[in-house]
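Heads up: the structure comes next, in structure tokens.
The numbers here are math on the coordinates, done by the rules we state, and not lab data. Only a predicted model underlies this, so the values are computations on that prediction, with no experimental measurement involved. Every residue, glycine among them, receives a Cβ derived from its backbone with ideal geometry; neighbour counts consider all protein chains shown.
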Amino acid sequence: MEKHMAQTLTEIDSRIPDALRVAFGICRPRRPAILRGQQDEAANFAAVLLAPRDANDDDGASDAMDCDDDEAQQPEGDLGMVFASSYIKDHDEDAHFGHAEAGVIGVADGVGGYRSNAGGGVDASAFSRALMHNAYAEVAATTAVHGARFCPRALLELAYQMTAAACTPAASTAAIVSLAGRTLKWAFVGDSGFVVLRGGRILRRFRPQQHYFNCPYQLSSNQESDRLADADVGEVAAKEGDIVVLGTDGLFDNVFDAEIERIVRMGTALGFAPKNMAEVMAAFAFEAATCRDRDTPYSSACRTQPGRKPFIGGKPDDITVVVAYIVSCPIRSQI
């Protein structure tokens, strides 16, 4: 399995454009202050690249969960996937993999409750890492022999069976996305998930699976584990230029959908490679997670839960972001 790549926060932080900071009102204390003239310039730049989309602006994408793809107008031939990742550690319990030739990417998030005495005090990363290792090993071995296309649910099921059969401790959420010909397919369990963007707008988005707030569906070796039958699966016709963002809840708990869209539009306008896009998105999620003066999806959701004290701010966590560009000719990826 390809190893985690965890850049230092300083390296990632330096790649966040000032326009993004100004537009979203974030600026970490250790970063030099933006001078007045520079701030005005960045603000003007942000206004052009990051303005919220007009609801009437039709770029070919439609509602996030209900699109109408005209496959008849698409050219023949397979598409490729070029991707890269960024991983920012908190407790280091996330895992991910990718295989360029097969067009498959995956993420998993170890359930932190196993860290505690109540959870047995085991390595909470054990199941997520084994799950991704087994998925990657199957993809690599099968692709080398057959060059096969992969069904994410079948791949996740096989990886789960291997991981559970080894009595691997702890538990994990997981999500896998594959590109088969001209079709994007997915399977996920829990609150690790994905968005597919077209023209800077979300075309498809996962709906997190939770038993109750902050308790996602999860896979484990325990017989009381959620089952692969509970996995949410689906597919959508892909087009050249589509962008897939796959991530753990460290991303989706801290970054709103509209912010993901605006980051993608900015990155596209600036000609970002997938690596740049993944790093900026992960760094933004990290800064949002540590802010105490702006809202996040997590703090917003907390306010709807009876008995929970309302607050403004983010949720510190491991953050894994994999960004995949759908292209006409696949090229080598970094992860």
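Karplus-derived 3J(HN,Hα) values for region 297-312, using 6.51 cos²θ - 1.76 cosθ + 1.60 with θ = phi - 60°, are x, 5, 5, 5, 5, 4, 5, 8, 9, x, x, 9, 6, x, 8, 10 Hz; glycine and proline are entered as x.
Note that region 190-204 has calculated 3J(HN,Hα) couplings of x, 10, 7, x, 8, 9, 10, 10, 9, x, x, 10, 6, 9, 9 Hz, one per residue in order, obtained from phi through the Karplus relation 6.51 cos²θ - 1.76 cosθ + 1.60 (θ = phi - 60°); glycine and proline are x.
Highest mean first, the peptides 260-268, 278-286, 200-208 sorted by other C-beta atoms within 10 Å per residue fall in the order 278-286, 260-268, 200-208.
Quick check: net charge around TYR212, other residues with Cβ under 14 Å of its Cβ, Lys/Arg +1 and Asp/Glu -1?
Its environment carries a net charge of -1.
Taking amide hydrogens as placed 1.01 Å from N in the peptide plane, the amide H of ALA180 sits under 5 Å from those of LYS185, each at least 5 positions away in sequence or on another chain. Around the Cα centre of region 85-226, unit charges on the Cβ atoms of Lys, Arg, Asp and Glu (plus for the first two, minus for the last two) sum to a dipole of about 780 debye.
Could you order peptides 220-227, 304-311, 162-169, 125-132 by the average number of other Cβ atoms within 10 Å of their residues, highest first? Could you put the intermediate results ahead of the total?
Numbers: 220-227: 13.8, 304-311: 9.0, 162-169: 16.6, 125-132: 26.6.
Highest to lowest by the protection proxy: 125-132, 162-169, 220-227, 304-311.
SER178 sits among other residues whose Cβ lies under 11 Å from its own Cβ, and their net charge, with Lys and Arg +1 and Asp and Glu -1, is +2. Backbone geometry of region 276-292 corresponds, through the Karplus equation with coefficients 6.51, -1.76 and 1.60 at θ = phi - 60°, to 3J(HN,Hα) couplings of 4, 5, 5, 5, 5, 5, 5, 5, 5, 4, 5, 5, 5, 5, 9, 6, 10 Hz, x marking Gly and Pro.
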